[in-house]
Amino acid sequence: MGRVRQFDPDVAVEQAMQVFWRQGYAATTPQDLVDALGIGKGSLYHAFGSKHGVFERALRRYRDRQAQRLVDALGEPGPVKERLRRALRELVEMDLADPDRRGCLAVNTAAELGGGDAAAAGSVAWMFDHDEEAFRSVVEEGQQAGELAPGRDSRAVASMLLTTVVGLRVLSRLPGGRERALRVVDATIAAL
């Protein structure tokens, strides 16, 4: 009887996240995962239950990491408008620095599976809600400090910022989108 190969599930989730991010859910086969993770199909199914099981864990990992990245960027010192501009520009630059132009795994998942996969839609919705709340908090901070117009609905402004992020993440997948994306960032901040 052969020796059971041991693997670190945490490392496997990270590797699986990279595969799903590059290829999308539907285009990723269990064999793609087995090859990328360097494990047998039995180990994959034993550890995660299914391709969808490993996908859910990979998407949660991505979601949690990205949500924290935005909170950290918005929490840096400085005037609110400049913090918002830096956070948006950082997303643009991060996406454009990716040689594979994968965009955002959450946005990609929303487009691919949002209407037909409740678990994936729920995970993406959590991230979008979290991001919108982070934006709302910073907008209210700016309103209280007199940096932003106090009469505007902070939730509406936060929703606009979230929608801007989603659009920027899509633009980043296209060649030559840097100038357009930076124009969007500047126009969004000017509209505040």
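The values are calculated or read from the model by the stated rules, or taken from the named source; none is laboratory data. These numbers were taken from a predicted model, which means no experiment stands behind them. For neighbour counting, all protein chains shown are included, and Cβ atoms are generated from backbone atoms with ideal geometry for every residue, glycine included.
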Please go through the stretch 55-73 and give me each residue that is modelled with pLDDT under 95 and aliphatic (A, V, I, L, M), ordered by number. 67, 70, 71, 73
Looking at the stretch 1-80, what helices (runs of 4 or more DSSP H) fall wholly within it and have at least 2 residues that are closer than 25 Å to residue 92 by Cα? 9-23, 51-74
Identify the residue in the stretch 112-137 that is touching a residue at least 24 places away in the same chain (Cβ under 8 Å) and among the aliphatic types (A, V, I, L, M) and, among all such residues, is surrounded by the fewest Cβ atoms within 10 Å (Cβ to Cβ). 119
Single unsatisfied condition, residue 50 versus (1) of a type in the set (S, T, N, Q); (2) without any contact (Cβ under 8 Å) to a residue 24 or more places away in the chain; (3) within 26 Å of residue 183 (Cα to Cα): (3)
When the residues of the stretch 29-87 are narrowed to those that are of a type in the set (Ser, Thr, Tyr) and surrounded by 12 or more Cβ atoms within 10 Å (Cβ to Cβ), which ends up farthest from residue 157 (Cα to Cα)? 43
Taking residue 178 as meeting all but one of (1) without any contact (Cβ under 8 Å) to a residue 24 or more places away in the chain; (2) more than 21 Å from residue 65 (Cβ to Cβ), write down the number of the exception. (1)
Of the residues that sit in the stretch 167-179 and are under 23 Å from residue 105 (Cβ atoms) and among the charged types (D, E, K, R), which one is surrounded by the fewest Cβ atoms within 10 Å (Cβ to Cβ)? 178
Residues satisfying the stated conditions in the stretch 92-128, i.e. acidic (Asp, Glu) and closer than 24 Å to residue 180 by Cβ: 93, 95, 98, 100, 112
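Condition check ((1) surrounded by 15 or more Cβ atoms within 10 Å (Cβ to Cβ); (2) modelled with pLDDT under 95) across all residues:
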{"position": "102", "(1), (2)": "yes, yes"}
{"position": "140", "(1), (2)": "yes, no"}
{"position": "146", "(1), (2)": "no, no"}
{"position": "158", "(1), (2)": "yes, no"}
{"position": "165", "(1), (2)": "yes, no"}
{"position": "181", "(1), (2)": "yes, yes"}
Suppose we filter the stretch 138-169 for residues that are in contact (Cβ under 8 Å) with a residue 40 or more places away in the chain, in a helix (DSSP H, G or I) and of a type outside the set (Val, Ile, Thr); how many remain? 5
Contact list, first residue from the stretch 8-30 and touching a residue at least 12 places away in the same chain (Cβ under 8 Å), second anywhere and part of a helix (DSSP H, G or I) and exposed (fewer than 13 other Cβ atoms within 10 Å of the Cβ), beta-carbon distance below 8 Å, six or more apart or interchain, is 30/41
